[in-house]
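Novice: Take a look at this one; I'll ask things after.
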Amino acid sequence: MASNSFGVIFKITTWGESHGKAMGVVIDGCPAGLSLEESDIYTELAWRAPGRNTLMSPRIEPDKPEILSGVFDGKTTGAPISILIPNSDADSSKYEPIKNLLRPGHANYTYLEKYGIFDYRGNGRASARETVCRVAAGAIAKKLLSHYGIKLVAYLKQIGTVSAKVLHKDITQLIQTTKQSAVFCPEAKASETMIKLIEETKERGDSLGGIVEFVADGLPTGLGDPIYEKLEANLAHAMLSLPATKGFEIGSGFQSVLMNGSEHNDIFIKEEGIIRTKTNHAGGTLGGISNGMPLVGRVAFKPTSSISHEQETLTLEKEAAAIKLPSGSRNDPCVAIRAVPVVEAMAALVLADSLLLNKCSRL
Ligand SMILES: Cc1cc2nc3c(=O)[nH]c(=O)nc-3n(C[C@H](O)[C@H](O)[C@H](O)COP(=O)(O)O)c2cc1C
């Protein structure tokens, strides 16, 4: 299986299966001298962990990361950083009764076609358990960004038809309000309505999709290369490499088709001697290069494929069959909630890599 790595200078390689012994990530290219403790990584993993409340999968993983290499005396040495995260609450019994069925919305059909073998216990590499490695690496990328004065936050913007109104004026406050919400939605009223909607949908044995938005502030101009490695292209690659994603937007995104150029063009202004724009429809990039305005993007997640309803399907031998998940199966009713820290991590990885790459753009 190829392609388990992401990034050019700040490059990660992840390994491990959902019901294997452990998950792991190797981070290559992190500059030496960055202070780093296991607790920095643990804090980020705790935001992503399942079982935090009844709105997510009840799998309980302590997600205690162990740094195996690349750190000495609390500082990165420049050597590859290797992180191990044990799997301790895998329950393969729920997968046994459905192992000979094609699971609607899941990866077992395509994996079987491609590799001829599929780890049905927890879906192996197709499982979102892999994203724990991305969040571990993202924790380090976020520390690097913070060293350069860059702040980053992701939050739940929409679930089903319930959308939050979010202002990007004060990113520090946005981080705080996001973390106070059980669903990572910074607007209290929308957060409450979302929780009700999830509870009702879960009760009916169904699932919901959602949109995760991210904002990065304090970016210098110049990140991103203008042709095949445009900043937004790399962000789209990062986000669409996540399981269950169905769309990516930057700035005004798909809504921009409803505007005229006269409305959409962001007018340049001088603010305290710095070039800014009056509006930010571009979402922080021009020509694939960061323009110093906040970077704003959105990721669409489909409704969770695993639902309690019985569904039609086929057996692996192509016979008509019905699939119903065994009772007690553990699933997120809306994956977009737990995807919030993962989107943040992927944005951090792209930005950290872009920052380091930008150091060789001119004399
Ligand atoms: C954080 C996160 C948690 C997820 N949890 C579940 C889950 O509990 N149940 C499920 O059916 N899919 C879940 N998914 C999505 C599946 O992993 C994914 O839909 C499946 O592997 C098929 O891949 P695809 O949707 O990218 O085509 C989750 C995705 C993310 C990002």
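Novice: Check off (1) within 30 Å of Glu113 (Cβ to Cβ); (2) in contact with a Leu (Cβ under 6 Å, 6 or more places away or on another chain) for Gly224 and give me the number that stays unchecked.
Specialist: Unmet condition: (1).
Novice: Among the residues of the range 27-60, count how many are over 28 Å from Ser181 (Cα atoms) and either of a type in the set (Gly, Ala, Ser) or over 18 Å from the mean Cα position of the chain (by Cα) (or both).
Specialist: Counting residues in the range 27-60 that are over 28 Å from Ser181 (Cα atoms) and either of a type in the set (Gly, Ala, Ser) or over 18 Å from the mean Cα position of the chain (by Cα) (or both) gives 8.
Novice: Does any residue of the range 334-353 turn out to be farther than 16 Å from Leu240 by Cα, charged (D, E, K, R) and surrounded by fewer than 24 Cβ atoms within 10 Å (Cβ to Cβ)?
Specialist: Checked against the condition, which is being farther than 16 Å from Leu240 by Cα, charged (D, E, K, R) and surrounded by fewer than 24 Cβ atoms within 10 Å (Cβ to Cβ), the range 334-353 yields no hits at all.
Novice: Find the residue count for the range 92-136, including only residues that are within 11 Å of the ligand (Cβ to nearest atom) and among the small types (Gly, Ala, Ser).
Specialist: Counting residues in the range 92-136 that are within 11 Å of the ligand (Cβ to nearest atom) and among the small types (Gly, Ala, Ser) gives 7.
Novice: Among the residues of the range 236-273 satisfying the criterion of being of a type in the set (A, V, I, L, M) and within 16 Å of the ligand (Cβ to nearest atom), which is nearest to Ala141 (Cα to Cα)?
Specialist: Applying the filter and picking the extreme gives Ala238.
Novice: With the requirement that a residue be surrounded by fewer than 22 Cβ atoms within 10 Å (Cβ to Cβ) and under 28 Å from Ser305 (Cα atoms), what does the range 130-161 give you?
Specialist: Gln158, Gly160, Thr161
Novice: For the range 108-129, give me each residue that is touching a residue at least 40 places away in the same chain (Cβ under 8 Å) and surrounded by fewer than 23 Cβ atoms within 10 Å (Cβ to Cβ).
Specialist: Leu112, Tyr115, Asp119, Arg121, Gly122, Gly124, Arg125, Ala126, Ser127, Ala128
Novice: What number of residues within the range 44-60 are farther than 19 Å from Ser329 by Cα and at pLDDT below 95?
Specialist: Matching residues across the range 44-60 total 3.
Novice: How about the range 87-107: which of its residues are polar (S, T, N, Q) and not in a loop (DSSP other than H, G, I, E, B)?
Specialist: Hits for the range 87-107 are Ser92, Ser93.
Novice: Here's another thing I want to ask about it. Looking at (1) more than 16 Å from the ligand (Cβ to nearest atom); (2) exposed (fewer than 15 other Cβ atoms within 10 Å of the Cβ); (3) more than 28 Å from Asn291 (Cα to Cα), which is the one condition that is false for Lys169?
Specialist: The number of the failed condition is (3).
The values are calculated or read from the model by the stated rules, or taken from the named source; none is laboratory data. Everything quoted here is computed from the prediction, not taken from an experiment. Note that each Cβ is placed from the backbone with ideal geometry, even for glycine, and that neighbours are counted across all protein chains shown.
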